[in-house]
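Beneath this line is the structure, given in structure tokens, with notes to follow.
The values are calculated or read from the model by the stated rules, or taken from the named source; none is laboratory data. Computed from a prediction, not measured in an experiment: that's the story for all the values here. Glycine gets a Cβ as well: all are built from the backbone with ideal geometry, and neighbour counts include every protein chain shown. Note: areas computed on protein heavy atoms with side chains; ligands, DNA, RNA excluded. Shrake-Rupley method; radii C 1.70, N 1.55, O 1.52, S 1.80 Å.
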Amino acid sequence: ALRATRRGARVMVTVEVTNARAGHHIPTDHPGRNILLLVSAVDAKGRELTHMGNQVVPEWGGVGHEPGDFAGKPGKGYAKVLEELWTGVAPSVAYWNPTVVREDTRLPALATDATHYEFRRGSGPGPVTVSARLVFRRAFRQLARQKKWTVNDITMEEARAVVP
């Protein structure tokens, strides 16, 4: 669910992601699997609004300026991130090596995760369009680059709201 309202010069956004149909945490299976929630807001001319919060996609969402590099952008990451004990490499998919769980932000079965965002509304007139997209990745961005894999993101869900 996506809700957006205008409060003065700000656009306030709440995104709820629900794991309604899986009987387990998502993502699951291989430890490289991850899901990204991407949130954006644009003015009537298509210009991106400035994000005012600290709820952002983690580093493993892809650092850089290429398409698909989402680290630091408004959103959230869902994954079970392993760290290798011997090398300190994280995220690691080498579950056969001694590892620890560095973080586990997966979404449990039947659970809902709500995140909140605030954008500064531009000075131009017209509505603001807020978008949320849930993207599934088969491998962490850094690993896919190292291996030269061309794996496409899979859009799981999309939502839009227009704020006058």
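Condition check ((1) under 20 Å from Pro91 (Cα atoms); (2) modelled with pLDDT of 95 or more) across all residues:
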site: Asn19; (1), (2): no, yes
site: Pro31; (1), (2): yes, no
site: Ser40; (1), (2): no, yes
site: Lys45; (1), (2): no, no
site: Met52; (1), (2): no, yes
site: Pro58; (1), (2): yes, yes
site: Lys73; (1), (2): yes, yes
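How many residues are within 17 Å of the chain's Cα centre (by Cα) and not charged (D, E, K, R) when one looks only at the stretch 152-164?
Within the stretch 152-164, the first condition is being within 17 Å of the chain's Cα centre (by Cα), and the residues that meet it are 152-160.
From what's left, not charged (D, E, K, R): 152, 154-156, 159.
The total comes to 5.
If you scan the stretch 128-164, which residues turn out to be in a strand (DSSP E or B), open to solvent by less than 60 Å² (accessible area, probe 1.4 Å) and under 19 Å from Thr28 (Cβ atoms)? Spell out how you get there, then give the answer.
Filtering the stretch 128-164 for residues in a strand (DSSP E or B) gives 128-137, 154-163.
Next cut, open to solvent by less than 60 Å² (accessible area, probe 1.4 Å) only: 128-132, 134-137, 159, 161, 163.
Correct list: Leu134, Val135, Phe136, Arg137.
Which fully enclosed strands (runs of 3 or more DSSP E) of the stretch 1-95 have 2 or more residues being farther than 25 Å from Arg160 by Cβ? Explain how you work it out, then say what you get.
Values: elements: 2-7, 10-18, 34-42, 75-78, 80-84.
Ranges flagged: 80-84.
Restricting attention to the stretch 91-127, and to residues there that are under 18 Å from the mean Cα position of the chain (by Cα) and hydrophobic (A, V, I, L, M, F, W, C), which single residue is surrounded by the fewest Cβ atoms within 10 Å (Cβ to Cβ)?
Across the stretch 91-127, the extreme among qualifying residues is Ala114.
So, in the stretch 1-58, of the ones that are without any contact (Cβ under 8 Å) to a residue 24 or more places away in the chain and basic (Lys, Arg), which residue ends up surrounded by the fewest Cβ atoms within 10 Å (Cβ to Cβ)?
Going through the qualifying residues, I end up with Arg21.
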